[in-house]
Structure formats: structure tokens, C-alpha cells
Amino acid sequence: MLIAQLTDIHAAPDNDNMARLHQVINWLITVKPDLLVVTGDLTDNGWYEGYRAIETELQRVKCRYLVLPGNSDNKQMMRDCLQEAMHWRSDAALHFSEIVNGIPVIGIDTTIEGEARGDITRHLKWLATELDKSPQPALLFMHHPIFRCGIAPLDDFNCEGATALGQLIASSTPPLAICSGHVHRSMAAMIAGVPSYICGSVCPANPLILDNQRIPPVTDPAALMMHDLRRGYLASSHISV
């Protein structure tokens, strides 16, 4: 089971991020993943035509795709453009939970209307139910990372509820991995013994701001992740395109 993850396209009429996405999709077509997951921030400033254009690009991969919103997304526009493919629930949270090729894949909407930060605590009851009814450990996707990345301006807007999620993991069937975006830079950590990843962005990366005296230049190209699950073993790769 090969799962591709894209995040943070931030497409807009005045940037070249759709061209960056096109190159990433060209690379993915050669790999032929079984599933493509997009973890939010598809467009900026409510660019309706951008959602349509992104859907066209995703369809080029010719596999099932699942999409979560990010804090920059317009959920109503996402419903208008992607509802037929996604079959989201009718309420405000655009979660998904599916079994693809025998593997449970769960996406949890961590966005808060009108805010850049995320919060998972409101959805933990739903998540616990989905984890426990899965026939085997699931891959969990979300937009906001659940661990601090060390970049101070971004840590102010990550996902609240890390402690509560850790307690849930300890008392439920733990996921294989927690996969997020939002930071525009690839990173990894552990949450309650579970590998937790931040996928690099399709849009230009943020600098690794260690502190005010150490701000290295940004040289990163467009990025994605590949999650390769075989015989119960998961290997997750950070890819630059």
C-alpha cells in the first residue's frame, strides 16, 4: 500500500504554486500510488477556480484521493468543488475515515473558523470511535501538527490538544503514524510513542528559524511524502521535486 501525501499548495492567481503542483503530480504519475491524501491549505483568499484546477491535477494521478481543509481554505468552496469525490459528512467538520486496500485511513479536520491555529480536542470522541473500530492500526492525517516544531512564529499556531491526544492513544488502538502539514517544512517527532510527521509543502518552504540570530536561507524545492506500508511495516519518505 503506497500512500502519497501533499500539503500546503496555497494556490493563488498571483503565484506559481499551480505550476509547482503540476511538477509534483508529474512525479507522482511515475510512482503510481494507491492513494493520494492532501492535508490542507489548497488555495489562498478563497480562489474558487483554484479548487477546480487542483481537482483536475489530482485526477491526473488516477487513484483515490482524500482531502482535508487547512486554515487558509474555504470549506464551502471545497464542498462545492470536491464533494462528489469526497463524500464528506454534512456537518462543519470535514473529516474522512475509509479503508483503502485493507488499510484504515483517517483524516481529522483540526481547523477553527477564522483562526490560523488548530484544535483536535473537539473531535477526540469521534477519533476514538474511528480508531477502535478499525480492523488494524490506522494512518492518521491532519493539517496542523500536534508537536512543536521549534519555529516560534509557527508554534503559536499549531494544534492544541497534544496531551489529550496522547491520553487517547494510550487508551485506544494507536495509529501507525500521525501525518500533518502547515509548517511548510518537513519534520518528525514522537507523540505518545507514535511517529508524527510534518510533510514539506508544495508552496515555497519557510526558513528553519532556530532563533533570531540563526535564520538560514531557504533552498527547498516543492516537497511531498510517500508512506509505504508493506506486511505491517511503515516506511515514510520525504521527497523533493
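The values are calculated or read from the model by the stated rules, or taken from the named source; none is laboratory data. The structure presented is a predicted model; accordingly, all values stated were derived computationally and were not measured. Here the Cβ positions follow ideal geometry from the backbone for every residue, glycine too, while neighbour counts run over all protein chains shown. The accessibility values were calculated without ligands, DNA or RNA, using every heavy atom of the protein model including side chains. Shrake-Rupley method; radii C 1.70, N 1.55, O 1.52, S 1.80 Å.
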Item checked: Inter-probe distance in nm under a simple model that places probes 7 Å from Cα toward Cβ, at Ala170 and Leu210 -> 3.3
Checklist line | For the range 58-64, Karplus couplings with θ = phi - 60° (6.51, -1.76, 1.60), whole Hz, Gly/Pro x | finding: 4, 5, 5, 6, 6, 9, 4
Next item on the list: Indicate, rounded to the nearest 5 percent, the antiparallel portion of the DSSP beta bridges found entirely in the chain.
Entry: 50
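For the range 58-166, what is the accessible area per residue in Å² when the probe is 1.4 Å?
Numbers: 4670 Å² over 109 residues.
Normalised by residue count, the accessible surface of the range 58-166 is 43 Å².
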Next item on the list: Give the peptides 156-165, 182-191 in descending order of average Cβ contacts within 10 Å, highest first.
Entry: 182-191, 156-165
Check: What does the charge count near His10 come to, summing +1 for each Lys or Arg and -1 for each Asp or Glu among other residues with Cβ under 9 Å from its Cβ?
Finding: -3
Next item on the list: Can you send over the carbon and sulfur percentage of the accessible area for the chain, probe radius 1.4 Å, protein chains only?
Entry: 51
Checklist line | Distance in nm between pseudo-label sites at Lys62 and Lys75 (7 Å out along the Cβ direction from Cα) | finding: 3.5
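For the range 164-241, what's the relative contact order in percent, using C-alpha pairs closer than 8 Å and at least 6 residues apart? Display every interim value, and only then the final one.
On the way: 132 pairs, mean separation 16.7, N = 78.
Taking the mean separation of contacting Cα pairs over the length of the range 164-241, I get 21 percent.
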Next item on the list: Find how many whole Å separate the alpha carbon centroid of the range 3-63 from the alpha carbon centroid of the range 172-211.
Entry: 19
Next item on the list: Under a cut-off of 30 Å between alpha-carbon atoms, report the lysines in cross-link reach of Lys125, not counting same-chain residues fewer than 8 places apart.
Entry: Lys75, Lys133
Item checked: Reachable aspartates and glutamates from Lys62, criterion Cα separation under 13 angstrom, eight or more residues apart if same chain -> Asp34
Check: Under a point spin-label approximation (7 Å from Cα along Cα-to-Cβ), what is the Ala116-Asp155 distance to one decimal in nm?
Finding: 1.6
Check: Over the chain, what relative contact order in percent results from Cα pairs under 8 Å that are six or more residues apart?
Finding: 20
